[in-house]
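Only one structure is covered here, and it is reproduced in the block below.
The values are calculated or read from the model by the stated rules, or taken from the named source; none is laboratory data. Just so it is clear, the structure is predicted and the values come from calculations on it, not from any experiment. Here Cβ is always computed from backbone atoms with ideal geometry, including for glycine, and neighbour counts include all displayed protein chains. Heavy atoms of the whole protein, side chains included, go into the accessibility calculation; ligands, DNA and RNA do not. Shrake-Rupley method; radii C 1.70, N 1.55, O 1.52, S 1.80 Å.
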Amino acid sequence: MLSQINSNFKVKQVEKSRISEVNYETLSFGKEFTDHMFVVKYENGKWQQGEILPYGNLSLSPACSALHYGQSIFEGMKAHRLAEGGLALFRPYQNIARFNHSAKRMSMPEIPSELFMEGLKQLIALDENWAPDREGCSLYIRPMLFGNDSFIGVRTSESYVFVIILCPVGAYYAEPVSVLAIENYSRAEKGGVGHAKTAGNYAKTLMPVELAKSQGFKDVMWLGGENHNIIQEIGTMNVFFVVDGKLITPEKDGTFLEGITRESVIQIAQDLGYEVTERQITIDEIIAFGKQNRLQEAFGTGTAATVHHISKIAYKNEIIDLNPEKHVIANHIKKTLESIKTGQYPDKHNWLVKI
Ligand code: COI
C-alpha cells in the first residue's frame with residue numbers, strides 16, 4: 001500500500017539539462033539518456049527512501065555481488081506521446097509483475113508496485129520534455145535491480161540497488177532481420193531461467209550471435225528441447241509465423257521470456273479477426289512450410305523491437321527467404337499496436353496508463 005511506502009523522494013535536479021545536445025532527427029536506440037534517474041536501495045531487509053538524482057555513474061565495490069555472480073534483472077518499458085497531448089505508459093503493471101517474477105526466480109526482493117510506479121511517474125514528470133514526438137520514436141524505460149553486497153562467495157545478496165533510467169529512442173533494428181537457427185548452442189532449457197529477464201540470459205547469447213553474424217545473419221533463432229529443434233525465440237524477441245494465413249507462435253514453456261508485446265499481439269490479432277495458435281513449433285516444420293510456400297510471414301515482437309519483420313530463416317543447409325514487403329498481417333498488427341500506444345486507436349483493453 002502506498003501509505004507504507006515512502007514516496008516522498010529526495011530530489012536533486014541537474015543545473016543544466018543536456019537535452020539540447022541530442023539530435024532528435026537521428027535518434028537511434030540506447031545511446032541517449034535523460035537528465036535524471038530514480039534510485040532506491042534495499043538494505044537491512046527493507047526498501048529505503050527513493051532518490052531522484054542527476055543521471056550519472058554509480059559507485060560500486062569491486063566485490064559487488066552482481067558483477068561476480070550475476071544477480072541482476074531488468075525490464076524494458078515504453079512511454080509514448082499521445083495524439084491528444086500528454087504521455088502514456090503501455091501496460092506498465094505487466095512489466096512490474098514480470099520484474100517481480102524475475103526477482104523471485106533470481107532470489108531477489110520484490111519491489112512494491114507502488115514504489116516502482118511512483119518513482120517512475122515522478123522521474124518521467126521531471127524529464128517529460130525528453131519524450132520524442134516523432135513517429136516510431138518513444139521514451140524507453142529501463143528499470144534494473146542488482147545485488148550489491150561487497151562479498152566474495154555465492155549466496156543470496158542482502159543489499160540491492162534498484163535504478164530506473166530513461167532513453168529517448170528510435171527503432172531498435174534498422175532493417176528486417178535475417179536469422180540463423182543455431183545448432184550447437186542454446187539459450188535456455190526447462191527448469192532454467194529463460195523466462196526471467198536476467199542479465200546473464202543476454203550475455204550468453206553474444207558469442208553465438210557473433211557466429212551468426214560471421215555467416216551473414218543478423219541474429220539467432222534459439223532452439224531447445226530433447227532434439228534441439230523446438231523454436232523458443234529470436235534474438236531479443238518472441239517469434240510469430242504466418243502459415244496459410246494463420247498465426248502460430250511457440251507456447252510458453254518457461255524457456256523464453258513471456259513477452260508483453262507477444263501477449264498484446266495475440267490479443268490484437270484475435271481482435272482483428274486472425275486465428276492465432278500457441279503451440280510447440282519445430283524448426284523442421286517451419287523449413288518445410290517455407291519450402292511448400294506456405295510460410296507467408298515471420299516476425300519478432302518485443303518492447304524495444306515492437307513488431308519486426310524477419311527476412312530470412314536459415315537452418316543447417318536450408319535458407320528460407322521471406323519478403324517483408326508482403327507481410328500484410330504483421331504490418332496490420334504493428335500499425336494497430338502503435339496506434340493504440342499513441343491514442344490513435346481505441347484502447348479497448350485499457351492498456352494505457354496516462355502520466
Ligand atoms: C526490450 O525489448 O525491451 C528488451 O529489453 C530487449 C533488449 C533491448 C535487450
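Residue-wise test of (1) outside the structural domain of LYS12 (by TED's automatic domain parsing); (2) more than 26 Å from ARG155 (Cα to Cα); (3) open to solvent by 30 Å² or more (accessible area, probe 1.4 Å); (4) within 16 Å of the ligand (Cβ to nearest atom).
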{"position": "LEU67", "(1), (2), (3), (4)": "no, no, yes, no"}
{"position": "GLN71", "(1), (2), (3), (4)": "no, no, no, no"}
{"position": "ALA88", "(1), (2), (3), (4)": "no, yes, no, no"}
{"position": "GLN94", "(1), (2), (3), (4)": "no, yes, yes, yes"}
{"position": "MET108", "(1), (2), (3), (4)": "no, no, no, no"}
{"position": "MET117", "(1), (2), (3), (4)": "no, yes, no, no"}
{"position": "ALA125", "(1), (2), (3), (4)": "no, yes, yes, no"}
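Results for (1) in a loop (DSSP other than H, G, I, E, B); (2) in the same structural domain as ASN229 (by TED's automatic domain parsing), shown as yes or no for each residue.
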| residue | (1), (2) |
| --- | --- |
| GLY254 | yes, yes |
| ARG262 | no, yes |
| VAL265 | no, yes |
| TYR274 | yes, yes |
| THR277 | no, yes |
| GLU285 | no, yes |
| VAL307 | no, yes |
| ASP347 | yes, no |
| VAL353 | no, no |
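Considering the stretch 321-353, and only residues there that are over 19 Å from ARG81 (Cα atoms) and of a type in the set (D, E, K, R), the residue that is modelled with the highest pLDDT turns out to be ASP321. Take the conditions more than 18 Å from HIS309 (Cβ to Cβ), more than 16 Å from the ligand (Cβ to nearest atom) and open to solvent by 10 Å² or more (accessible area, probe 1.4 Å) and apply them to GLU258. Does it pass? No: the conditions fail for GLU258.
Looking only at the stretch 182-189, decide whether some residue is loosely packed, with under 15 Cβ neighbours inside 10 Å, within 15 Å of the ligand (Cβ to nearest atom) and not basic (Lys, Arg). No - not one qualifying residue is present in the stretch 182-189. For the stretch 296-308, taking the residues that are more than 16 Å from the ligand (Cβ to nearest atom) and open to solvent by less than 70 Å² (accessible area, probe 1.4 Å), the one that is nearest to ALA181 (Cα to Cα) is identified as ALA298.
Here LYS335 does not qualify as of a type in the set (Lys, Arg) and either in contact with a Cys (Cβ under 7 Å, 6 or more places away or on another chain) or touching a residue at least 12 places away in the same chain (Cβ under 8 Å) (or both). For the stretch 263-295, the candidate set comprises residues that are polar (S, T, N, Q), within 26 Å of the chain's Cα centre (by Cα) and open to solvent by 70 Å² or more (accessible area, probe 1.4 Å); within that set, the residue that is nearest to PHE29 (Cα to Cα) is GLN270.
Being modelled with pLDDT of 95 or more, among the hydroxyl-bearing types (Ser, Thr, Tyr), open to solvent by 30 Å² or more (accessible area, probe 1.4 Å) and more than 28 Å from ALA203 (Cβ to Cβ) is a condition met by at least one residue of the stretch 3-21.
To keep it simple, each residue is scored yes or no on (1) outside the structural domain of PHE151 (by TED's automatic domain parsing); (2) part of a loop (DSSP other than H, G, I, E, B); (3) open to solvent by 60 Å² or more (accessible area, probe 1.4 Å).
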| residue | (1), (2), (3) |
| --- | --- |
| LYS31 | no, yes, yes |
| VAL40 | no, no, no |
| GLY56 | no, yes, no |
| SER59 | no, yes, yes |
| PRO62 | no, yes, yes |
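Determine whether ALA196 is under 22 Å from GLY147 (Cα atoms), buried (at least 19 other Cβ atoms within 10 Å of the Cβ) and at pLDDT 95 or above. Yes: the conditions hold for ALA196. I'd like to check something: does the stretch 165-175 contain any residue that is open to solvent by 10 Å² or more (accessible area, probe 1.4 Å), in contact with a Cys (Cβ under 9 Å, 6 or more places away or on another chain) and in a loop (DSSP other than H, G, I, E, B)? Within the stretch 165-175, one or more residues are open to solvent by 10 Å² or more (accessible area, probe 1.4 Å), in contact with a Cys (Cβ under 9 Å, 6 or more places away or on another chain) and in a loop (DSSP other than H, G, I, E, B). Would the stretch 166-176 turn up any residue that is in contact (Cβ under 8 Å) with a residue 60 or more places away in the chain, within 26 Å of HIS36 (Cα to Cα) and of a type in the set (Gly, Ala, Ser)? Yes: one or more hits. With respect to the conditions (1) open to solvent by 50 Å² or more (accessible area, probe 1.4 Å); (2) out of contact with any Asp or Glu (no Cβ under 7 Å at 6 or more places or on another chain), PHE146 lacks only one, and its number is (1).
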